[in-house]
1. For the stretch B:62-86, what are the residues that are aliphatic (A, V, I, L, M) and closer than 27 Å to B:Leu105 by Cβ?
2. Looking at the stretch A:1-12 only, could you name the residues that are more than 19 Å from B:Arg27 (Cβ to Cβ) and more than 10 Å from chain B (Cβ to nearest Cβ)?
3. For residues that are in a loop (DSSP other than H, G, I, E, B), among the aliphatic types (A, V, I, L, M) and surrounded by fewer than 20 Cβ atoms within 10 Å (Cβ to Cβ), tally how many sit in the stretch A:1-43.
4. Within the set of pairs 6 or more residues apart or between chains, which connect a residue that is more than 8 Å from chain B (Cβ to nearest Cβ) and within 14 Å of A:Val80 (Cβ to Cβ) inside the stretch A:21-32 to a residue that is of a type in the set (Phe, Trp, Tyr) and part of a helix (DSSP H, G or I) with Cβ atoms less than 9 Å apart?
5. Scanning the stretch A:56-68 for residues that are part of a strand (DSSP E or B) and either more than 7 Å from every other protein chain (Cβ to nearest Cβ) or modelled with pLDDT under 85 (or both), which turns out surrounded by the fewest Cβ atoms within 10 Å (Cβ to Cβ)?
6. Being in contact with a Lys or Arg (Cβ under 6 Å, 6 or more places away or on another chain) and under 30 Å from A:Gly9 (Cβ atoms) is the requirement here; does B:Leu30 meet it?
7. Take the conditions within 14 Å of chain A (Cβ to nearest Cβ), assigned to a helix (DSSP H, G or I) and modelled with pLDDT under 90 and apply them to B:Arg27. Does it pass?
8. Quick check, is A:Ile69 in contact with a Ser or Thr (Cβ under 9 Å, 6 or more places away or on another chain) and aliphatic (A, V, I, L, M)?
Amino acid sequence: MIVRIMGEGQVLVAESHLPGLNRLDDELLAEIEGGDHEGFRRTLGALLDAVRSAGEPLPDDALQPSELILPAADATLEEVKAMLKDDGLIPG
Amino acid sequence: MSGVMKRMGMIFRAKANKALDRAEDPRETLDYSYQKQLELLQKVRRGVADVATSRKRLELQLNQLQGQSTKLEDQGRKALALGREDLAREALSRRAALQQQVTDLETQHQTLQGEEEKLTLAAQRLQAKVDAFRTRKETIKATYTAAQAQTRIGEAFSGISEEMGDVGMAIQRAEDKTAQLQARAGAIDELLASGALDDQSGMAKDDIAAELDRISGGTDVELELQRMKAELAGGSPQQAIEGGTTDESQQSRTQHKFDKQ
């Protein structure tokens, strides 16, 4: 499964890693919805680290669409919240 | 999965057209766009297949209904032959109901056939567009990659030329310095030769000094020769003069000794 970390690129993550990543991902979503800034920062960092270590970076010239997308490491809770709204950050 | 990753992925896919502008690599966006077109084409093809399946199902139903209709007509005819008009009427009224269904299904069949033809045509057109896009996409990707490579080469070249410039400057400086030193050496030689500069080593003498030395050295020899001649001749006024000179020399030497003490 190809995961894109915004601003970093794509990594190929084996399906076997997904349950662990899912737990962090759900935790992150709960923190975003709950407005837990500290928790959000911590979990996002942990999730990105987990994806980076579990995944194999795709070369820059690899051309494959990402199935999952993660916010950039320096994204704020508000930014991610805005991205997750129906309209997302991109209106229309 | 319903967390952030999945939702962001879904939103990005849903906003694909807008996201194209924001994607990091234009080549990726082209492939993404191509993939979306393929998905669309796939949907249209699936639509064509669905419509064709429905059409076939209708045809089967129509055949069935027509079979039943024929059967009821036969039954009515038999009933009449047996003098059972009531049964014949029942059979014919059922047949009439079936005929109505057949007419409805035939209308539906015609509509579906029209849809199928339109969709087939649309799928063919879309296929042609997707093929054209794929070709264009590959061309753009190749151009982009080439442009990237060209930029890299350009950067490398400018780096090399800067380095070469540095080397050139160093060579120029070295050449200037050499020329300067050569010019200076030439000038010094000339100045030394002309006597305008003193030779600090004391090894070389200019022409004038050498001539003076030669002349003065010669004079001493001549004077010595005359003095010796006078001694042999037994004295002369010249001797007194020469003797005085000798005394002066003696005094000078004594003075020199005294100074040393």
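The values are calculated or read from the model by the stated rules, or taken from the named source; none is laboratory data. Quick caveat, the model's predicted, so the values are computed rather than measured. Neighbour counts are summed over all protein chains in view; Cβ atoms, including those assigned to glycine, are modelled from backbone coordinates with ideal geometry.
1. B:Leu62, B:Leu65, B:Leu72, B:Ala79
2. Of everything in the stretch A:1-12, nothing turns out to be more than 19 Å from B:Arg27 (Cβ to Cβ) and more than 10 Å from chain B (Cβ to nearest Cβ).
3. So in the stretch A:1-43, the residues in a loop (DSSP other than H, G, I, E, B) come out as A:1, A:6-8, A:13-14, A:35-36.
When the remaining residues are screened for being among the aliphatic types (A, V, I, L, M), the result is A:1, A:6, A:13-14.
Then drop every residue that is not surrounded by fewer than 20 Cβ atoms within 10 Å (Cβ to Cβ), which leaves A:1, A:6, A:14.
Count: 3.
4. Short answer, once both residue conditions are applied: A:Glu31/A:Phe40.
5. Quick first cut of the stretch A:56-68, residues part of a strand (DSSP E or B) only: A:56-57, A:68.
Still in the list and also either more than 7 Å from every other protein chain (Cβ to nearest Cβ) or modelled with pLDDT under 85 (or both): A:56-57.
Working: A:Glu56: 10, A:Pro57: 13.
Applying the filter and picking the extreme gives A:Glu56.
6. yes
7. It is true that B:Arg27 is within 14 Å of chain A (Cβ to nearest Cβ), assigned to a helix (DSSP H, G or I) and modelled with pLDDT under 90.
8. No.
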